[in-house]
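First the structure, which I've put down as structure tokens, then a few questions once you've had a look.
Just so you know, all these numbers are worked out from the coordinates, no wet-lab data involved. What you are looking at is a predicted structure, and each value in this text was computed from that prediction instead of being measured. Here the Cβ positions follow ideal geometry from the backbone for every residue, glycine too, while neighbour counts run over all protein chains shown.
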Amino acid sequence: MNRVIQTIALIFLGCCSNVIFLEFIVRPYPGSGNIITFAQFLFIAIEGCINYYQWGGVQRHVPLKNYGILVLMFFLVSVINNYALNFNIPMPLHMIFRSGSLIANLILGMIILKKRYKFREILSVVLITFGIILATYASSQSLNKQKSANNIKIDQTEPDVFRWTIGICMLVFALLVSALMGIYQETIYAKYGKHPQEALFYSHLLPLPLFALVGKDIYQHAQLFNQSTWLPIFSNVGVPIMWAYLFCNVLTQYFCIRSVFILTTECPSLIVTLVITLRKFVSLLFSIIYFQNEFTFNHWIGTASVFLGTFLFSNIHNEIIRFFRRPINDHVD
């Protein structure tokens, strides 16, 4: 039980603080998604090569060709989600979209896997869909109000609205690719068994050459980071503050992902879903309060709808009821 509590604490600490450092970076440099993603992938790949792969001393369970498609999907989702921040997408809306992956999973599951779902699950998807649509509409209204307050003519707002629309399309595409990735993972696990550490390692190692496609953008932002405010560490030694933020972002991302994988081995999947959902909600609240992101009444309704739908879909409430109805002796660890 102590291990579970410690793991949950690391998830909240790692994942929530990761969002903080991400916003510290993207606020002054909105287009820095590529360098952030590359740094995260490189760090986890190096750590996995040392601690898991042992420089070639571990035999692979899943054929490399199967990881190829999985890696391409994972790379696209990671890059697109981060790069969407460069298209007038507020951090709260970005987090809400990433919390709505159940929608794409359900739709593609019905189409590709021919699955049938219960009324509770369909109702959950309706709630999540409603929440995302409402949050999207509220954000577009906030953008128009901001332009009106600055006395900017309508024709001058078209480029910004256009960029915002592109960002929304990117998030929708990332949702669909993420759902396809989940379905493909399901087929791989069914055939070769579950090997989460191996999948985590290869999903971060194999995409590294693909970053050559955005190498120029990474280099340009590295130069911008070098020119950022100097952060003294001790005496005359210090680093540019943006590199310090990036290091903290990478480190917290590592603890976040690793802790989630540990929790999946310690708890039922429903409890893991509950922890992750609560973590997203805490991150969302902190982003709104600390960074003073505009969050209207419609945003709140949309957020509540998204998380309520997630809880219903996961059937968390029934799991909790069954847990507390168990005999007292069964609760003793």
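Compute the signed sum of charges (Lys and Arg +1, Asp and Glu -1) over the other residues within less than 15 Å, Cβ to Cβ, of Thr187. It would help to have the intermediate numbers written out before the result.
Values: positive: Lys65, Lys114, Lys115, Lys191, Lys194; negative: Glu186.
Residues near Thr187 contribute +4 overall.
Continuing with this model, one more query. For region 171-271, rounded, prolate or oblate, judged on the Cα gyration tensor with a ≥ b ≥ c (square roots of eigenvalues), a/c < 1.5 rounded, else prolate if a/b > b/c? Mind showing how you got there, number by number?
Details: a/c = 2.85, a/b = 1.78, b/c = 1.60.
Verdict is prolate for region 171-271.
Another one. What does the net charge come to around Gly31 if you take all other residues with beta carbon closer than 13 Å to its beta carbon, with K and R at +1 and D and E at -1?
Details: positive: Arg27, Arg163, Lys216; negative: Asp217.
The answer is +2.
In addition: What net charge do the residues around Ser259 carry, taking every other residue with its C-beta under 15 Å from that of Ser259, with Lys and Arg at +1 and Asp and Glu at -1? Could the numbers behind the result be given before it?
Values: positive: Arg3, Arg258, Arg279, Lys280; negative: Glu47, Glu266.
Local charge sum for Ser259: +2.
For the residue pair Phe12 and Lys216, what label-to-label distance in nm results when each label sits 7 Å from Cα along the Cα-to-beta-carbon direction?
Between Phe12 and Lys216, the label points sit 4.6 nm apart.
State, to one decimal in nm, how far the label point of Tyr192 lies from the label point of Leu308, with both points 7 Å from Cα in the Cβ direction.
About 4.2 nm separates the two model spin labels.
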